[in-house]
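Trainee: Okay, here's the structure, questions in a sec.
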């Protein structure tokens, strides 16, 4: 689904945005690993309701990266941010259904100039990713009030990587 980006063609692939293409060039293509661009996975099969079939649901992550032995190493979905506006409810639901079906987490990535932010959405344990204080576009620390009325910094949970040579399984414990 394309909300904001402009479609971009590069070599043999069509990307949904310039950010997606740039992430591909900088981190996926240059890694030397096998990969697929926009592969489609069935996450819910069609099923009967009454006398008719309800259509199934598919999910096409932006990139799937394979290890040298052919196992899936990373499932990436490139977004413009790691917040409610950038990752809508339907995308989060597809990520969860994909994880339920395959046993693999979807890594939401936000490319930056020399690295990328990565977040695993839907995990109750916030200690799988480091805490980062959030700042607005002017560099001012974002804060919020607690139930007790205290003003405290607002935190986001994500990892920052300079390449894709990390093991997501270390984060989630398998």
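Trainee: Among 112, 94, which comes first, then next, by fewest other beta-carbon atoms within 10 Å?
Mentor: Ranking 112, 94 by Cβ neighbours within 10 Å, fewest first, gives 112, 94.
Trainee: Counting each pair of different Cα atoms once, what's the Kirkwood radius of region 135-174 in Å, rounded to one decimal?
Mentor: 13.4
Trainee: Which value, in nm² and rounded to one decimal, describes the direction-averaged projected area of the C-alpha convex hull of region 50-95?
Mentor: 5.3
Trainee: Provide the gained length on full extension for the span residue 90 to residue 6, in nm with one decimal, where the gain is 0.36 nm per separating residue minus the Cα-Cα distance.
Mentor: Length gained, residue 90 through residue 6: 28.2 nm.
Trainee: Relative to the compact-globule scaling 2.2 N^0.38 Å, provide the ratio for the alpha-carbon radius of gyration of region 88-174.
Mentor: In units of the 2.2 N^0.38 Å rule of thumb, it is 1.27.
Trainee: Using a 10 angstrom cutoff on alpha carbons, build the Gaussian network for the chain and name the most mobile of 90, 40, 17.
Mentor: Among 90, 40, 17, the largest GNM mean-square fluctuation belongs to 90.
Trainee: Compute the long axis of helix 89-102 from its Cα atoms, compare it with the longest principal axis of the Cα atoms of the chain, and write down the angle in degrees, 0 to 90, nearest 10.
Mentor: 60
Trainee: Kindly put 147, 85 in sequence by how many other C-beta atoms sit within 10 Å of each C-beta, fewest to most.
Mentor: Ranking 147, 85 by Cβ neighbours within 10 Å, fewest first, gives 147, 85.
Trainee: Suppose each label sits 7 Å from its Cα in the direction of the beta carbon; what would the residue 72-residue 44 distance come out to in nanometres?
Mentor: 1.8
Trainee: Per the Kirkwood treatment, what hydrodynamic radius in Å, one decimal, follows for region 1-92 from the mean inverse distance over all distinct Cα pairs?
Mentor: Evaluated on region 1-92, it is 15.0 Å.
Trainee: Expressed as a whole number of Å, what is the distance separating the alpha-carbon centroids of region 14-35 and region 79-150?
Mentor: About 21 Å separates the Cα centre of region 79-150 from the one of region 14-35.
Trainee: Hey, any idea what Rg/Rh is for region 82-125, computing Rh the Kirkwood way over Cα pairs?
Mentor: Across region 82-125, the Cα-based Rg/Rh ratio is 1.00.
Trainee: Based on other C-beta atoms within 10 Å, arrange 29, 150, 107, 20 from fewest to most.
Mentor: So the residues, fewest neighbours to most, are 150, 29, 107, 20.
Trainee: Compute the Rg/Rh shape ratio of region 1-160: radius of gyration over Kirkwood radius, all on alpha-carbon atoms.
Mentor: 1.02
Trainee: If you consider only alpha-carbon coordinates, what radius of gyration and Dmax does region 50-133 have, in Å?
Mentor: 14.9, 54
Taken together, the values in this text are just the output of simple stated rules run on the coordinates, not laboratory data. Keep in mind it's a predicted model, so treat the numbers as computed, not measured. Note: ideal-geometry Cβ built from the backbone for every residue, glycine included; neighbour counts use all protein chains shown.
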